[in-house]
Ligand code: AMP
């Protein structure tokens, strides 16, 4: 089931305790598309500026990503984001965000994009996300990511947009901020009430602690894949989403049930773990399917335990 993603295609300048990169290829849609490309056909929708070159497009094309819906705006400037991480990579400060060509973006999807069965609205202004969602009338599974910037500056629009998708993917802290609920389960329940139809799955991304998935009647969580060295967490959330949603898309007509969603969580977790090992898209761009499969098996092993009941003192 082909996947369409709309969201930022960017240049990122990033400083971490392990080094820095200026104007490397980034953006939520880019990270998502590279990850999802291991599972199914992926199409990226979004604008770039005149400063965006063939070399950047090639990174996506080499992974088979369809780039014909990436519109190059004459005289425009590509979305730019700069950020700096703290010493343990647990905190991040945004130094600069320049919307560039996204400020005037009016999404008009091609026939191919409109017909996608699976749609991911990566992090971008919620009005734009909703305009895209409205054009994909036949999508079988839709998901959305966002961030504190839009919670703070466009909350009503964001809530309205969330009500139109099946799955909300958000950072743990931002989920609490968005709903005003201090606990994860309460926050998810609040999101489920934003319909009809409203989301039926909420994923809370928890950085180095992994991710939790909440549905109306279930809870599941996985830790992040244990790594000795993390170099740059930028795009980990989008890479997780690409693995998670890519896996769902690859399941085709199979029912999207709890078991499938749990396996999708494992693939998202595995993909994200590769992303953080190097700067930007560097690691995922040369990843192999065999490496992903090995990490999913290892994740299954490290998260497994079997209870042996003992007599507990009452
Ligand atoms: P993540 O680390 O998963 O939060 O994603 C980081 C990516 O999001 C970077 O590649 C940025 O280019 C992109 N990004 C940062 N801020 C924004 C924003 N306000 N809107 C859209 N994309 C953004």
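The values are calculated or read from the model by the stated rules, or taken from the named source; none is laboratory data. What you see is a predicted model; the values in this text were computed from it and never measured. Quick reminder, even Gly has a Cβ in these numbers, built from the backbone with ideal geometry, and neighbours come from all protein chains shown.
Would you be able to say whether some residue in segment 283-293 is within 16 Å of the ligand (Cβ to nearest atom), touching a residue at least 40 places away in the same chain (Cβ under 8 Å) and either assigned to a helix (DSSP H, G or I) or surrounded by 13 or more Cβ atoms within 10 Å (Cβ to Cβ) (or both)?
Yes: one or more hits.
Check off (1) over 16 Å from the mean Cα position of the chain (by Cα); (2) free of Cβ contacts under 8 Å to residues at least 60 places away in the same chain; (3) not in a helix (DSSP H, G or I) for residue 168 and give me the number that stays unchecked.
(1)
So residue 143 ticks every box in (1) within 16 Å of the ligand (Cβ to nearest atom); (2) modelled with pLDDT of 95 or more; (3) on the phi > 0 side of the Ramachandran plot but one. Which box is left unticked?
Of the numbered conditions (1) within 16 Å of the ligand (Cβ to nearest atom); (2) modelled with pLDDT of 95 or more; (3) on the phi > 0 side of the Ramachandran plot, the odd one out for residue 143 is (3).
Do you know which of the residues in segment 1-37 that are in contact with a helix residue (DSSP H, G or I) (Cβ under 6 Å, 6 or more places away or on another chain) and more than 13 Å from the ligand (Cβ to nearest atom) is nearest to residue 264 (Cα to Cα)?
Among those that are in contact with a helix residue (DSSP H, G or I) (Cβ under 6 Å, 6 or more places away or on another chain) and more than 13 Å from the ligand (Cβ to nearest atom), it is 36.
For residues that are loosely packed, with under 15 Cβ neighbours inside 10 Å and more than 15 Å from residue 258 (Cβ to Cβ), tally how many sit in segment 178-220.
The total comes to 10.
Applying the selection to segment 126-140, what residues are surrounded by fewer than 21 Cβ atoms within 10 Å (Cβ to Cβ) and within 12 Å of the ligand (Cβ to nearest atom)?
128
Among 22, 16, 78, 4, which is the only one that is more than 27 Å from residue 246 (Cβ to Cβ) and touching a strand residue (DSSP E or B) at 6+ places or on another chain (Cβ under 9 Å)?
Just a single option satisfies the conditions, and that option is 22.
Take segment 239-264 and flag every residue that is under 21 Å from residue 171 (Cβ atoms) and away from the ligand (no atom under 16 Å from the Cβ).
Within segment 239-264, 247, 248, 261, 262, 264 meet the criteria.
In segment 294-314, what residues are without any contact (Cβ under 8 Å) to a residue 24 or more places away in the chain and over 16 Å from residue 38 (Cβ atoms)?
301, 304, 305, 306, 307, 308, 309, 310, 311, 312, 313, 314
In segment 42-53, which residue that is surrounded by fewer than 18 Cβ atoms within 10 Å (Cβ to Cβ) and either within 16 Å of the ligand (Cβ to nearest atom) or modelled with pLDDT of 95 or more (or both) is nearest to residue 113 (Cα to Cα)?
The selected residue is 50.
Is it fair to say residue 96 is in a loop (DSSP other than H, G, I, E, B), within 16 Å of the ligand (Cβ to nearest atom) and at pLDDT 95 or above?
When the stated conditions are applied, residue 96 does not pass them.
Could you please find all residues in segment 60-84 being outside any loop (DSSP other than H, G, I, E, B), crowded, with 20+ Cβ neighbours inside 10 Å and within 13 Å of the ligand (Cβ to nearest atom)?
79, 80, 81
Tally the residues that are within 20 Å of the chain's Cα centre (by Cα), away from the ligand (no atom under 13 Å from the Cβ) and in a loop (DSSP other than H, G, I, E, B), restricting the search to segment 110-125.
2
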